[in-house]
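The values are calculated or read from the model by the stated rules, or taken from the named source; none is laboratory data. The structure displayed is predicted, hence computed values, not measured ones. Cβ: placed from backbone, ideal geometry, glycine included. Neighbour counts: every protein chain shown. Just so you know, the surface numbers come from the protein's heavy atoms only, side chains and all, with ligands and any DNA or RNA stripped out. Shrake-Rupley method; radii C 1.70, N 1.55, O 1.52, S 1.80 Å.
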Amino acid sequence: MERAVKKYIFWGAGTHGRLAVEKFGQNHTTDESLTGFIDKNQTGEFCGYPILTEQEIHKDTEVLVITVDKTEFVAEIYEQAKKSGYKKVYWFTSVKQKKTGKFLLDYCVNCKTWGDLVLSQAEIHVVDYCNLNCRGCAHYSPIFKKELPDRESRINDIRKLKDKFSHIIKFFLMGGEPFLNPDIISYIEETRKILPDTMIQIVTNGLLIPKLSQEVWKAIYENRIVISISEYEPTHSMINRIKDILEEHDVAYILRPYESKTKFIKPLSLIPDSKYEKECISNGCINIWNGQIARCPNLMYINRFNEAFQTALPNQGIYELDSLDGREIIRLMKEAVPLCDYCIHNEISWGSCGNHPTLYDFAEED
Ligand code: SF4
Ligand code: SF4
């Protein structure tokens, strides 16, 4: 008897859609096939597959894989897919997390446990300061003192956020440089307990990777943490060593390549009607800190910035976590805030501002 063919539809005909076609091509069996794409903004073909209409899809039987590029849209598409009646919905993470040779198991997450109120992503500082002190850092890490945060209170913020949603798709432990915190193992373990099915990433500049202990690697591996490395100039000079160490410990990782990190954005103007084009570099990077929530790091740390440089950039849009429910968070984290008027496209070469950052490492006068 012939086996039924499992048919796939990919939702999102962009960079991730292309990558999903490549990974599907390398990791499918003869009884699996790709029928085509859904993309509300395109018609015709993509990667040799048709872009389909709702009527052309069998929502009961076909496996829908969300392949949009930006995580901030994954929750929205998941909601739409549920409303449209798709029975089997997966999310293509683009990161290889297992090595079974099966597309769904290695690269995708089954959305069946996600529930009714899903947040796409959020992030927290495990440490506020950094060992690189990049000019233009959107988290303003160079202005922070070399102090460790209160672990319980940061973990409690993660717990409070989780309690407002049925699922959080991605959660980032970052900074500053998260591996500067000697308590990183307990952050890893506690976050995994709170977010058992979330893709948890540690975002690092990678410089401390050769110095991590076996215990830290064990915690990363056992808690299914993805290491996301921003390859700045100093990281670039040791990247092969870093890759070897990651491979040796068999952990999933993402490299944000050198070419994309040699250019930096100095993110702010000191006036709202700047001569520079406006640009948002942190859309969707919802940040929690000291019991509060803001739609981006640029805003979350602006009070600290104003204190450090005697400026008065607007700080509206930072909310107490306790004051909002999940639906309010989703709505408010998409609303423009006054600081958006000051965010500009101002490309600079990557460089460190050392231990003495100035206002002009982050902002332009005009
Ligand atoms: S590596 Fe650079 S951009 Fe990243 S947190 Fe540190 S100072 Fe900021
Ligand atoms: S303040 Fe607005 S424009 Fe600036 S980074 Fe945040 S969300 Fe984007």
Practice item. Among what's in the stretch 122-147 and is within 16 Å of ligand 2 (Cβ to nearest atom) and open to solvent by 20 Å² or more (accessible area, probe 1.4 Å), pick the residue that is nearest to ILE288 (Cα to Cα). Key: HIS139
Exercise for review: Please find, within the stretch 231-272, the residue that is nearest to GLY136 (Cα to Cα) out of those that are without any contact (Cβ under 8 Å) to a residue 24 or more places away in the chain and away from ligand 1 (no atom under 15 Å from the Cβ).
Suggested key: GLU259
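To keep it simple, each residue is scored yes or no on (1) under 30 Å from ILE202 (Cα atoms); (2) open to solvent by 40 Å² or more (accessible area, probe 1.4 Å); (3) not polar (S, T, N, Q).
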site: LYS40; (1), (2), (3): no, yes, yes
site: GLN55; (1), (2), (3): no, yes, no
site: THR71; (1), (2), (3): yes, no, no
site: CYS111; (1), (2), (3): yes, no, yes
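Of the residues that make up the stretch 47-54, is at least one closer than 28 Å to ILE225 by Cα and free of Cβ contacts under 8 Å to residues at least 60 places away in the same chain? Lay out the reasoning, then the answer.
Taking the stretch 47-54 first, the residues closer than 28 Å to ILE225 by Cα are none.
No, because not a single residue in the stretch 47-54 is closer than 28 Å to ILE225 by Cα and free of Cβ contacts under 8 Å to residues at least 60 places away in the same chain.
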Review point. In the list TYR342, TYR319, TYR360, TYR301, which residue meets the criterion of being within 20 Å of PRO272 (Cα to Cα), open to solvent by 60 Å² or more (accessible area, probe 1.4 Å) and either at pLDDT 95 or above or not acidic (Asp, Glu) (or both)?
Key: TYR360
Review point. Can LYS88 be described as open to solvent by 50 Å² or more (accessible area, probe 1.4 Å) and touching a strand residue (DSSP E or B) at 6+ places or on another chain (Cβ under 9 Å)?
Key: yes
Practice item. Scan ASN303, ASN315, ASN298 and give me the residue that is on the phi < 0 side of the Ramachandran plot and assigned to a loop (DSSP other than H, G, I, E, B). Key: ASN315
Check your understanding: If you take the residues of the stretch 208-217 that are under 17 Å from LEU132 (Cα atoms) and in contact with a Phe, Trp or Tyr (Cβ under 9 Å, 6 or more places away or on another chain), which of them is surrounded by the fewest Cβ atoms within 10 Å (Cβ to Cβ)?
Key -> LYS211
Exercise for review: Name the single residue, out of those in the stretch 218-243 being of a type in the set (Lys, Arg) and exposed (fewer than 15 other Cβ atoms within 10 Å of the Cβ), that is nearest to LYS193 (Cα to Cα).
Suggested key: LYS218
Exercise for review: Return the residue satisfying two criteria in turn: it lies in the stretch 247-281 and is of a type outside the set (Lys, Arg) and buried (at least 19 other Cβ atoms within 10 Å of the Cβ), and of such residues it is farthest from LYS70 (Cα to Cα).
Suggested key: SER274
Review point. What are the residue pairs meeting all of these: first residue in the stretch 135-157, first residue among the basic types (Lys, Arg), second residue assigned to a loop (DSSP other than H, G, I, E, B) and away from ligand 1 (no atom under 16 Å from the Cβ), Cβ atoms under 8 Å, and 6 or more apart or on different chains?
Key: ARG151/ASP183
Check your understanding: If you take the residues of the stretch 254-295 that are acidic (Asp, Glu) and either in a loop (DSSP other than H, G, I, E, B) or not assigned by TED's automatic domain parsing to the domain that holds GLY136 (or both), which of them is farthest from ligand 2 (Cβ to nearest atom)?
Key -> ASP273
Practice item. Exactly one condition in (1) within 24 Å of the chain's Cα centre (by Cα); (2) more than 16 Å from ligand 1 (Cβ to nearest atom); (3) open to solvent by less than 20 Å² (accessible area, probe 1.4 Å) is not met by ASP325; state its number. Key: (3)
Check your understanding: How about the stretch 318-364: which of its residues are within 11 Å of ligand 2 (Cβ to nearest atom) and in a strand (DSSP E or B)?
Key -> CYS343, ILE344
Review point. Within the stretch 164-195, restricting attention to residues that are part of a helix (DSSP H, G or I) and within 13 Å of ligand 1 (Cβ to nearest atom), which residue is nearest to the chain's Cα centre (by Cα)?
Key: PRO178
**Study point:** Criterion: among the charged types (D, E, K, R), in the same structural domain as THR311 (by TED's automatic domain parsing) and assigned to a loop (DSSP other than H, G, I, E, B) - qualifying residue of ASP250, ASP244
**Key:** ASP250
Check your understanding: Which of the residues belonging to the stretch 114-145 are in a loop (DSSP other than H, G, I, E, B) and more than 10 Å from ligand 1 (Cβ to nearest atom)?
Key -> TRP114, GLY115, ASP116, LEU117, VAL126, LYS145
